[in-house]
1. Taking the conditions exactly as written (outside any loop (DSSP other than H, G, I, E, B), out of contact with any Lys or Arg (no Cβ under 6 Å at 6 or more places or on another chain), of a type in the set (K, R) and closer than 21 Å to H28 by Cα), does K74 satisfy them or not?
2. Which residue pairs have Cβ atoms closer than 6 Å, lie 6 or more positions apart in sequence or on different chains, and pair a first residue in segment 11-28 that is not assigned by TED's automatic domain parsing to the domain that holds G66 with a second residue that is surrounded by 10 or more Cβ atoms within 10 Å (Cβ to Cβ) and modelled with pLDDT of 95 or more?
3. Would you mention how many residues in segment 25-54 are under 12 Å from the mean Cα position of the chain (by Cα), more than 15 Å from L71 (Cα to Cα) and of a type in the set (D, E, K, R)?
4. Could you tell me which of the residues D51, D47 is surrounded by 12 or more Cβ atoms within 10 Å (Cβ to Cβ), touching a Lys or Arg at 6+ places or on another chain (Cβ under 9 Å), not basic (K, R) and not in a loop (DSSP other than H, G, I, E, B)?
5. Spot the failing condition for D20; the list is (1) modelled with pLDDT under 95; (2) over 19 Å from G110 (Cβ atoms); (3) more than 14 Å from the chain's Cα centre (by Cα), and only one is missed.
Amino acid sequence: MERHRRTVGWRVLYRYVAADDAYLSTAHGRDTVTISLHQNNTLPYDDYFDDIERIFLQYGGRPHWGKKHNLEAKELEPLYPRWAEFQRIRRELDPQGVFLTEYLGRLLEGEG
């Protein structure tokens, strides 16, 4: 990551999180750590985030739902042990997809 040293000025946030049972939690079923990387909105971030995302995925990383990442349904499903159950419940509670935005459709269903 040396190549990003000149354009990234934010610190890396690292914290421990206890395992939980939320189906799409980054800590579902395992104690974990979260590593948060940030970038100034006026500086380039795509290459930096792409590079670090590949490293995180090599170690079983699960993206934070409210942060930028490049994964969609087909890449997310194997990361979350209860993915199928979550999808079943989501579809049961919202059969017409009223609460699915275009982004959530791509993220959760691979649509769009």
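1. So K74 fits the description; yes.
2. none
3. Matching residues across segment 25-54 total 0.
4. The unique qualifying residue is D51.
5. (1)
The values are calculated or read from the model by the stated rules, or taken from the named source; none is laboratory data. Note that the structure is predicted; figures quoted are calculated from it, not measured. No Cβ is skipped: glycine too gets one built from the backbone with ideal geometry, and neighbour counts run over all protein chains shown.
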